[in-house]
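Peer 1: So that we are looking at the same thing, I have put the structure below in structure tokens.
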Amino acid sequence: MNITDAIELKNISCKNRLIRSAVHSFLGTEDGHLSAADFAMYETLAKSGIGLIITGHVCVQEGGRANINQPNIFADEYIEDFAQGAKIAHKYGAKFVAQLNHAGPRAVDNDDLADVTERELKKGKFARKLRLDEIKNIENAFITAAARIKAAGADGVQLHAAHSYLLSRFIDPTFNTRDDEYGGNAKNRFRMAENIILGIKEKCGANFPVFIKINSDTNADNDAYEQDMIYILNRAGQIGAELAELSGVDFINQPKTDRLYYLSRAERLKKAVPDMPLSLVGGVRSLGDAQKVLAAGVDMVSLGRALIADNDFAARLLEGGDAPTKCVSCSRCFVLPNKHPGLRCVWELKKARANK
């Protein structure tokens, strides 16, 4: 395989193997709309030649926003934003998929925080345990959000089931100690995500693509979790998910010199679940890194922070260039925009200061 090879998934084709992984842009408006800067970002990504663009996470239910400038999709007024994003991507032959998310107890717009189970949170906050009727309401919110994304003309949705947001907290035994049908074994812990995938397929049609982003590891019993992942990936494929993007719980804390943080596990999972298409995100910093991912049998390569630091990185990879990205994995792209609105990387900040 080569990153320039086209790929045919179950219900979606991509012109190459590169994915822009979902990264929150911090460019949206406080009332939940995509901004002109967001659209410019998506045009830059599409122009680079990348095959699939996954948006930053989009909030599916009022009270579930992770950031004050996070885009929403819990009302029809937001559909046009994603229609415009899809048109931009399609103009350059890229596919456009919206990542759907609920922040759970990490919500910034909710005083009544709820989690898989009740627990003390940081900064003196407390989360109560979600009731079964509330879980069903959230499942329906994801399903309805997907229908809006389909109405926008986008190419599919991705469920954000990683990085300690709500769906990942149900899947991960570190957080999920429920004793009902949503807790216990892997089947029960995956139930919420499964219900959402099945609901989207029923509402939007079996051929509407649904991806899932999921942690490949855990802070609990990691060996047992790997066996759970085999079940979850198998089940996701059985119920119609097109692709699983593998990430991990600690990507921000990885040493700056490390690469391909989760490749060993991704390679084992692919061998265990050969029929489920996979992508890997985390520590891809050069063409050699991307080739190692594909050589391990992983179907696609996802890029996140590297594309923030280096707009030309994807284009260079596709042209066969071996120059690594200038991204140093400092993760300041997750905090810098709060102090310097509109700036997303330390390289941009240095340039702005030099031009003063």
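Peer 1: Where is the GNM fluctuation largest for the chain (alpha-carbon springs, 10 angstrom cutoff): Arg131, Arg285, Arg178?
Peer 2: Among Arg131, Arg285, Arg178, the largest mean-square fluctuation in the Gaussian network model of the chain belongs to Arg131.
Peer 1: Please calculate the 1.4 Å probe accessible area of Phe334, with all protein chains present, and give it to the nearest 10 Å².
Peer 2: 60
Peer 1: Let me ask another. If you count only protein heavy atoms with a 1.4 Å probe, what accessible area per residue comes out for the chain, rounded to a whole Å²?
Peer 2: On the way: 14500 Å² over 356 residues.
In whole numbers, the chain has 41 Å² accessible per residue.
Peer 1: I need the Debye-formula profile for the stretch 1-111: one equal scatterer per C-alpha, no solvent, reported as log10 I(q)/I(0) at q = 0.10, 0.23 1/Å, two decimals.
Peer 2: Calculated log10 I(q)/I(0) at the listed q: -0.30, -1.20.
Peer 1: Sticking with this one: Using 0.36 nm times the number of residues separating Ser164 and Asn11, minus their current alpha carbon distance, what extension gain do you get?
Peer 2: Numbers: separation 153, 0.36 × 153 = 55.08 nm, distance 2.86 nm.
Stretched out fully, the Ser164 to Asn11 stretch lengthens by 52.2 nm.
Peer 1: Between the stretch 103-139 and the stretch 24-101, how far is it from one alpha carbon centroid to the other, in angstrom?
Peer 2: Here the answer is 25 Å between Cα centres.
Peer 1: At 1.4 Å probe size, with the rest of the protein present, what percent of the exposed accessible area of the stretch 235-326 is carbon and sulfur atoms?
Peer 2: Carbon and sulfur atoms account for 45 percent of the accessible area of the stretch 235-326.
Peer 1: Right, next: Would you mind putting 255-263, 153-161, 41-49 in packing order, based on average other-beta-carbon counts within 10 Å, highest first?
Peer 2: On the way: 255-263: 15.9, 153-161: 25.8, 41-49: 19.7.
The peptides rank, most packed first, as 153-161, 41-49, 255-263.
Peer 1: Something else: Sorted by accessible area with a 1.4 angstrom probe, largest first, how do His90, His33 fall?
Peer 2: Sorted by accessible area, descending: His90, His33.
Peer 1: Express the relative contact order of the stretch 200-244 as a whole percentage, based on alpha carbon pairs under 8 Å and six or more residues apart in sequence.
Peer 2: Working: 27 pairs, mean separation 23.3, N = 45.
Here the relative contact order equals 52 percent.
Peer 1: With a 10 Å cut-off between alpha carbons and a GNM built on the chain, which of Ala40, Ala103, Ala244 moves the most?
Peer 2: Ala40
Peer 1: Taking the chain as a Gaussian network, Cα atoms linked when under 10 Å apart, which of Arg20, Arg332, Arg169 shows the biggest mean-square fluctuation?
Peer 2: Among Arg20, Arg332, Arg169, the largest mean-square fluctuation in the Gaussian network model of the chain belongs to Arg332.
Peer 1: List the extent of the Cα atoms of the stretch 270-313 along each of their three principal axes, largest first, rounded to whole Å.
Peer 2: 34, 16, 13
Peer 1: Let me cross-check Val335: its accessible surface, 1.4 Å probe, with only protein heavy atoms counted, in Å² to the nearest 10?
Peer 2: Looks like 80 Å² after rounding.
Peer 1: While we're on this one: Considering all alpha-carbon pairs of the stretch 220-356, what whole percent are spaced by more than 18 angstrom?
Peer 2: 61
Peer 1: How high is the relative contact order of the stretch 6-68, given as a whole-number percent (alpha carbon pairs under 8 Å, six or more residues apart)?
Peer 2: 36
Peer 1: Now, a different point. Tell me the relative contact order for the chain as a rounded percent, counting alpha carbon contacts under 8 Å between residues six or more apart.
Peer 2: Contact order relative to length: 16 percent.
Peer 1: What Kirkwood hydrodynamic radius do you get for the stretch 243-286 when you take the inverse of the mean 1/r over all pairs of distinct Cα atoms, in Å? Write out the running numbers ahead of the final one.
Peer 2: Details: mean 1/r = 0.0901 Å⁻¹.
Taking every pair of different Cα atoms in the stretch 243-286, averaging 1/r and inverting gives 11.1 Å.
Peer 1: To continue, here is another question. With both partners inside the chain, how many of the DSSP beta bridges are antiparallel, as a percent to the nearest 5?
Peer 2: Values: 4 of 36 bridges.
Beta bridges within the chain, antiparallel portion: roughly 10 percent.
Peer 1: Distances over 40 Å make up what percent of all Cα-Cα pairs in the chain?
Peer 2: The answer is 6 percent, as a whole percent.
The values are calculated or read from the model by the stated rules, or taken from the named source; none is laboratory data. What you are looking at is a predicted structure, and each value in this text was computed from that prediction instead of being measured. Because the Cβ atoms are built from the backbone with ideal geometry, glycine has one as well, and the counts that use them run over all protein chains shown. To get the accessible areas, we keep the full protein, side chains included, count just its heavy atoms, and leave off ligands, DNA and RNA. Shrake-Rupley method; radii C 1.70, N 1.55, O 1.52, S 1.80 Å.
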